[in-house]
Each structure stands twice: as C-alpha cells, then as structure tokens.
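Following: one structure in structure tokens, then a few remarks.
The values are calculated or read from the model by the stated rules, or taken from the named source; none is laboratory data. Predicted model only: the values in this text are computed from it and were never measured. We place every Cβ from the backbone using ideal geometry, glycine too, and count neighbours over all the protein chains shown.
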C-alpha cells in the first residue's frame, strides 16, 4: 500500500451561500411581517400617537374660524355658503398634516434618542425597519386625516349654525384628500427623522419648513413677477413645492363650488400661497413624488450610517 493511499482524505469544502447584496440590505421576506408587528406593538404601547390626537380635535373645533377667513378672499363666499365649511376643514387638515409629519419624525428619531436603534435593527434589515415605520406613520397620518374629515364637518358645522352644509360627496372627496396628504406627510416625517437623527433638529426642520420655510421660498420665487395672467416659469415652481402641493390637493375639492374658474384660481393662490396652481390630481402626484424621493434618500443615508 502506498503512502498516498494511507493519507487521510482531504475534507470536502462546501460552498456557503451568502445572500446577495440587495437581499442582504432588504432582508429575507419572512422577516417583514415580524418587523411590522414589532413596530405596531411599539407604537401602540406609547402615548405619542394618541397624544397628537388632542390637537386634531381642537383644530376641528376651529374649522368655522378658518372658514370665516374665506370671506376676506372671495366676496362670493357668504356666511351661508357651504364653501366656508369646506375651506375651514381643508385649512385645519393642512395643519393636521404638520402633526403627521411631527409623528413620523418623532417615531424615527426616538430610536436614536433612546438608543434603541441597534435593537430595532436586530429584528430585521435596516430597510425593513424603515419600511415598517413608513407603513405605521402612513396609517397614523391617515387616521389623523380621517378624524379631521369626520370631526371637522360635525363640530365646525355645529359652530356655524344656520350655514348651508356641503354635499356628502363633496365632504367625502375632501376627506379622502386629507387622508392622502396626512399619510404622505407622516412618511416624509419618517424620512426626515432618518436623515436628521437629532430629535429637536428633525422637528424644527419639518415644522419650520412647512410653516415658514416654504412660504419664504414661494415669495422668493415670485420676486420680480408682476404678471398675474401669465406668470414666469420660476414663479410657477411654487406650486410644485411639497407643502404647497399638499395644500392644493386639499383646497381644490374645498373650492370646487366657490364660483367660476377665475374665483377658484384666486382662492387657490391666496390660500395655498402658490402661483398658477395645476389641477388637484397633479398636485397629489407631486406630493407622492416628493414622498418617494424622501424615502429613497432615507434608504441611502440610513443604510450607510453607523449605529451606536
């Protein structure tokens, strides 16, 4: 027997299958449901989501006051006009969308503030965690919009007394627009919280931009444009900013019965602060595009940063 025959057989090397880069980032599909359940339990176990319901209820009480401002803009909107209530609900819903953005930012930055981000990422890939937070923030934002869509006409209508109420179909259309806008801003809030981990900074950016920053940008875009019938393309860009796009999505159904096309356009420009507003469905698609872009940035930035 030769020495080569007595030599032990070499161990067989088996190839270990590693997930591809894309699958490693996204995580196995079976983990998505578990990560989403964990995020739902986490959200429902804290007070944040329903604490923000309180200002939603308070805003619904103020819908009549929001609507009364319409008479200063459109003389055709009399005290008996149903458009006043519609505009009041739309204006209050616009403020509620800011609360939805706050919720999204808070739920994401809370992971970094309380140093639970590492544990969260242990339950699944980072994209899975971000996706779960996006879903939950969208649902909570939609609930805020639904709550305003129901309470706004009820409480606002009761406060207005003898005013003619809008048709049921008009209220449903406005309510659906409010649900969409609030849901999308909840998602954008999550994206902001992913990119800006500091909780105070993320809230300041989300709220400051919607309340002040975008108004300043709109004014700057309109500088030097004295034409009201044919505005420049630069001033038209104000209609495609995310905040204005959301407001236009809300005010289009609210002003549908405000009179002729000229009156509706005037009301849209003054209420939303936008120039030459496009149709409502275009504004909704613009906000969807901004939301997708924000989530894409969050995926890239959140996937590359270290978590400590």
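So residue 111 fits all but one of (1) buried (at least 21 other Cβ atoms within 10 Å of the Cβ); (2) modelled with pLDDT under 85; (3) under 23 Å from residue 63 (Cα atoms); what number is the exception?
The single condition residue 111 does not satisfy is (3).
Taking only segment 161-177 into account, find how many residues are part of a loop (DSSP other than H, G, I, E, B) and modelled with pLDDT of 85 or more.
1
Anything in segment 293-308 that is assigned to a helix (DSSP H, G or I), modelled with pLDDT under 90 and either buried (at least 19 other Cβ atoms within 10 Å of the Cβ) or out of contact with any helix residue (DSSP H, G or I) (no Cβ under 7 Å at 6 or more places or on another chain) (or both)? List them, or say none.
302, 304
Assuming residue 261 fulfils every condition listed in (1) loosely packed, with under 15 Cβ neighbours inside 10 Å; (2) more than 22 Å from residue 85 (Cα to Cα) apart from one, which condition is it?
So the condition that residue 261 fails would be (2).
If a residue must be surrounded by fewer than 21 Cβ atoms within 10 Å (Cβ to Cβ) and more than 22 Å from residue 152 (Cα to Cα), how many such residues does segment 175-206 contain?
10
Only residues in segment 251-279 that are free of Cβ contacts under 8 Å to residues at least 24 places away in the same chain count as the first member; pair them with residues that are part of a helix (DSSP H, G or I), Cβ under 8 angstrom, at least 6 apart or cross-chain, and list the lot.
Filtered contacts from segment 251-279: 268/248; 268/251; 268/252.
Need the failing condition index for residue 46 against (1) closer than 30 Å to residue 248 by Cα; (2) at pLDDT 65 or above, just the number.
The number of the failed condition is (1).
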